[in-house]
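Enquirer: This structure is in structure tokens; I'll ask about it shortly.
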Amino acid sequence: MNIFKKFQIGLNKTSAIFSSSLLNVLAKNKIDQEVIDEIENILLSSDIGMEVTNHLIEKIKSSKLSGKEDSNLVLKILCDEIEQILKSKEKILVSESDNKPGGLIFIGVNGSGKTTTIGKVINFISDKKILIGACDTFRAAAVEQLKEWSIKQSVDFYEGKINQDPASVAYNATLKAKSEGYDYVILDTAGRLSNNANLLNQLIKIKTVVEKNINKDDLKIILVLDGTNGSNMIKQVEIFGKSMDVTGLIITKIDGTAKGGALIAIAKKYDLPIHFVGMGEKKEDLLLFNAKNFAESIIEIKK
């Protein structure tokens, strides 16, 4: 199955909101203010956000379309504009020019899919010497899950003791990576503590000790977002972004939601690359983010 087909299948629920609803509205005799208002409601219902919605509506208005025959042009305008918003967010997570060892710290709320995502990311860099560090020391299940992924992908694994200070595990893992010539050290972290302040303080501590072994410029902070959370993802980017200097995003479970438009809202509001989108449970279901594939999958234009 080609990549575009995977995007189409994965974004089917979001597409049902965009394309099906839009086609019903555009089936009317003319594109008047009433139709434009209905298009605006459809865009907002997919969590695309007011800023993006206003931008798209203004593009439609400025095109001065009026007749029923222009309905496909409306879809093309929407598709092209969404692609343009997303295009600058395409960026690979790792490259051959990265200094070694490179550090990847995965953060995000509990249930966002950090541990599983790490397992899938390994699949993209399986030709490198990788060390996985299990810093979510308060959940034995998370450590075991990460260990299973490491075994399956034949990469090295570092764990501390249950309830050990996560920062000390992070420090030891990065020290091992530095002294033993690893290409990358990937750290999993907790997503739930008694409150947000405690969680953020712990993550900041992890980042601080990691920078003793990994140059700051070689460290990437990846925020993993659960796509089913819709517009709530925007709040998470705001909270984590301020405290942790997030360098990039991965959106998971986007195949399980009709709110995929929130990804567009995030791209419009924040200057952060989107490295991958998760479209299923298998390791092959983590796809490199592609603006054109995303836009054309949610806006189905008649050929």
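What follows is calculated from the coordinates using simple rules that are stated; it is not laboratory data. The structure presented is a predicted model; accordingly, all values stated were derived computationally and were not measured. Every residue, glycine as well, gets a Cβ built from its backbone with ideal geometry; the counts of neighbours run over all protein chains shown.
Enquirer: Of the beta bridges DSSP finds with both residues in the chain, what % are antiparallel, to the nearest 5?
Expert: So the antiparallel bridges amount to about 15 percent of the total.
Enquirer: Give the Rg/Rh ratio for the stretch 140-291, taking Rg as the radius of gyration of the Cα atoms and Rh as the Kirkwood radius, to two decimals. Let's see the in-between values first.
Expert: Values: Rg = 16.1 Å, Rh = 16.8 Å.
Here Rg/Rh amounts to 0.96.
Enquirer: Further question: State, to one decimal in nm², a quarter of the convex hull surface area for the C-alpha atoms of the stretch 53-96, i.e. the direction-averaged projected area. Provide the component values of the computation, followed by the final result.
Expert: Working: hull surface 16.2 nm².
The number I arrive at for the stretch 53-96 is 4.1 nm².
Enquirer: Continuing with the same structure: Out of all Cα-Cα pairs in the stretch 167-246, roughly what percent, to the nearest whole number, are more than 17 Å apart? Don't skip to the answer; put the middle values down first.
Expert: Numbers: 1573 of 3160 pairs.
Here the tail beyond 17 Å accounts for 50 percent of pairs.
Enquirer: Would you kindly calculate the translational diffusion coefficient of the stretch 1-118, applying Stokes-Einstein with the Kirkwood radius from alpha carbon pairs, for 25 °C and a viscosity of 0.890 mPa s, and quote it in µm² s⁻¹ without decimals?
Expert: My calculation gives 143 µm²/s for D.
Enquirer: Can you flag which of LYS6/LYS28; LYS30/LYS259; LYS100/LYS268; LYS114/LYS259 are past 22 Å Cα-Cα?
Expert: Over 22 Å apart, Cα to Cα: LYS6/LYS28; LYS30/LYS259; LYS100/LYS268.
Enquirer: Karplus couplings for the stretch 269-275 from phi (6.51 cos²θ - 1.76 cosθ + 1.60, θ = phi - 60°), rounded to Hz, Gly and Pro as x?
Expert: 8, 10, 8, 10, x, 10, 7
Enquirer: Next question, about the same structure. On a 0 to 90 degree scale, rounded to 10, what angle separates helix 50-62 from the longest Cα axis of the chain?
Expert: Once rounded, one gets 30 degrees.
Enquirer: Something else now. Enter the angle in degrees (range 0 to 90, nearest 10) between the Cα long axis of helix 71-87 and the first principal axis of the Cα atoms of the chain, meaning the one along which they spread out most.
Expert: Computed tilt is about 20 degrees.
Enquirer: Give me D for the chain in µm² s⁻¹, whole number, from Stokes-Einstein with Rh from the Kirkwood sum over alpha-carbon pairs, 4 °C and 1.567 mPa s.
Expert: Stokes-Einstein gives a translational diffusion coefficient of 64 µm²/s.
Enquirer: With respect to the cross-link table entries LYS91/LYS282; LYS120/LYS242; LYS205/LYS282, which display a Cα-Cα separation exceeding 29 Å? Walk me through the numbers before you get to the answer.
Expert: Working: LYS91/LYS282 22 Å; LYS120/LYS242 27 Å; LYS205/LYS282 32 Å.
The answer is LYS205/LYS282.
Enquirer: Here's a follow-up. Which residue fluctuates most in the GNM of the chain (Cα springs below 10 Å): GLY261, GLY241, GLY103?
Expert: Ranking GLY261, GLY241, GLY103 by mean-square fluctuation puts GLY241 first.
Enquirer: Rounded to whole Hz and in sequence order, give me ³J(HN,Hα) for the stretch 281-295 from the Karplus expression 6.51 cos²θ - 1.76 cosθ + 1.60, θ = phi - 60°, writing x for Gly and Pro.
Expert: For the stretch 281-295, the Karplus curve yields 8, 6, 5, 6, 8, 9, 10, 4, 5, 9, 4, 5, 4, 5, 4 Hz.
Enquirer: Could you work out, for the stretch 212-277, what percent of all Cα-Cα pairs fall into each 5 Å distance bin, beginning at 0 Å and stopping at the bin that holds the largest distance?
Expert: Result, from short to long distances: 3, 17, 29, 24, 13, 7, 4, 2, 0 percent.
Enquirer: Where Lys and Arg each count +1 and Asp and Glu each count -1, what net charge lies around ILE250 among other residues with Cβ under 10 Å from its Cβ?
Expert: +2
Enquirer: Name the trypsin sites (Lys or Arg not before Pro) in the stretch 249-283 that are in a loop by DSSP and that have at most 14 other C-beta atoms within 10 Å, would you? Walk me through the numbers before you get to the answer.
Expert: Values: sites: LYS253, LYS259, LYS268, LYS269, LYS282, LYS283; in loops: LYS253, LYS259, LYS282.
The qualifying sites are LYS282.
Enquirer: Return the calculated 222 nm mean residue ellipticity for the chain, to the nearest 500 deg cm²/dmol, obtained by summing -39500 (n - 2.57) across DSSP H runs with n ≥ 4 and dividing by the residue count. Before the final figure, lay out the partial values.
Expert: On the way: 13 runs with 142 residues, N = 303.
My calculation for the chain gives -14000 deg cm²/dmol from helical runs alone.
Enquirer: Distance between Cα centroids, the stretch 190-242 to the stretch 66-119: provide it in whole Å.
Expert: Cα centroid to Cα centroid, the span is 19 Å.
Enquirer: Counting only other residues whose beta carbon sits under 12 Å from that of LEU199, what net charge do I get with K and R as +1, D and E as -1?
Expert: +1
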